[in-house]
Amino acid sequence: MINILFLHAGAEMYGADRVMLDLIKRLDKGKYKPYVILPIEGILVNELKKEKISVIVIPYPIMRRKYFNFKGIIQYSFKLIKYSQKIIKIAKKYKIDIIHTNTAATLEGSFVSRKLHIPQLWSIHEIIVSPQIMYKATSKLIARYSNITITDSKAVKNHLEASGYFKDKKVKVIYNGVDTDRFNPCVYCDYLYSEWNIPRTAKIIGMMGRVNSWKGQNDFLEAANIVMKKCPDVYTIFVGAAFDGEEWREKKLADKIAQSPYNDRIINKGYRTDSEGIYKLYDIFILPSINPDPLPTVVLEAMATGKPVVGYRHGGVCEMVKDGYNGFLAEVGNPDDLAKKINQLIEDDALRIQMGKNSRKRLLEKFSIEAYVKNYSDEYCKLI
């Protein structure tokens, strides 16, 4: 039996949370014994317990912007050493064979790996654009302390390698997969029309994701205003919440929505657990991340549900969306072009429906959950 310790940066159910859960659930339990340590309580803890996975909550620090100052660096360093020692004790207790660190924001695995001489597989889901010092520092740590480095897209791989620290180390791409039984074109969503008071004749454009500095909610709102001005039957939906401590971002978004002349057709919701139904409700899924997004799981889930996707032309979205086949790629940072691409799908029902079908087909061909789990299992075997 191979004992694997998973370390992650949160306990919610956004992209990286879901793909880790999907992997752990589907590992061959006759061969692998997973243990999970998370920094906070949350829905992910509950989901792991449902699967009878051993999960422990320890408040170890996650590298966030709040630490990007002198005082923050001191606090972070103290907590990093303190809680790494606790994780080392747990790793000894359960005779861990492999450490799987599931985000660049979690550094504790490096301490444990070095102290106990346990190999570390490091999955990277981020493209750190700024500050540059953080990009360089994390890239150097990942190159030095990961025995195997996995990225979820070619965009992330290229970004890591551009740091110059991976000249003698291979970075491998393993595309995330999604549960195509859970996310499918036949999901029930009728209840949302009543809950959100949306006419059945409406055409619905929407996004889902963290409310942060770069996911693109502001650009989407600007584009949606252009679309709604032209098309009175279009409704716009925002789903997602901010990180703890950054709730002000949600208020700022709500204030901007309130200023829209079409705010009676805009629905703004925080974190939801019924994402399957929400994807089904949408006619078009939008994700205009203003920084390159590694491989946003929300796009894969929307594709699995049979929806065309409109996003900005950079990052991992370009590996998921084949421009003109299952969606459109707009000029980065250009809400006018984003609105133009959305309008093209709003006005052409046949094109929108066909692109939705193409999304599902492309998802099944390139991003299957079976290939995702097998590829990670193969990497674990290499480490042992």
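Observations on the model:
- Size of charge dipole - the chain - debye, nearest 20, with Cβ of Lys, Arg +1 and Asp, Glu -1, no other charges: 1680
- One decimal place: the segment Ser194-Lys66 gains 42.1 nm when fully extended, by the rule 0.36 nm per residue minus the C-alpha distance.
- Per residue solvent-accessible surface (Å²) - the chain, probe of 1.4 Å: 43
- Measuring nothing but how far apart in sequence close Cα pairs (under 8 Å, 6+ apart) lie, relative to its length, the chain scores a relative contact order of 15 percent.
- Spatial separation of Cα centroids for the range 331-384 and the range 1-48, in angstrom: 24
- Split the accessible area of the chain by element, probe 1.4 Å, and carbon with sulfur accounts for 52%.
- For the range 61-97 versus the range 141-187, the spacing of their alpha-carbon centroids is 23 Å.
- Cα-projected label distance for Lys382 with Arg114, points at 7 Å along beta-carbon direction, nm: 2.4
- Each of Ile284, Val45, Gly270 was scored by the projection of its Cα onto the charge dipole of the chain, and the greatest displacement toward the positive side belongs to Val45; charges sit on the C-beta of Lys, Arg, Asp and Glu.
- Additional length obtainable on full extension of the chain from Gln85 to Lys256, 0.36 nm per residue less Cα span: 57.1 nm
- For the range 121-236, size of Cβ-based charge dipole, Lys and Arg +1, Asp and Glu -1, in debye: 600
The values are calculated or read from the model by the stated rules, or taken from the named source; none is laboratory data. Because the structure is predicted, anything quoted here is derived from the model rather than measured. Please note: Cβ atoms are built from the backbone with ideal geometry, for glycine as well, and neighbour counts cover all protein chains shown. Side chains included, ligands, DNA and RNA excluded: accessible areas come from the protein's heavy atoms. Shrake-Rupley method; radii C 1.70, N 1.55, O 1.52, S 1.80 Å.
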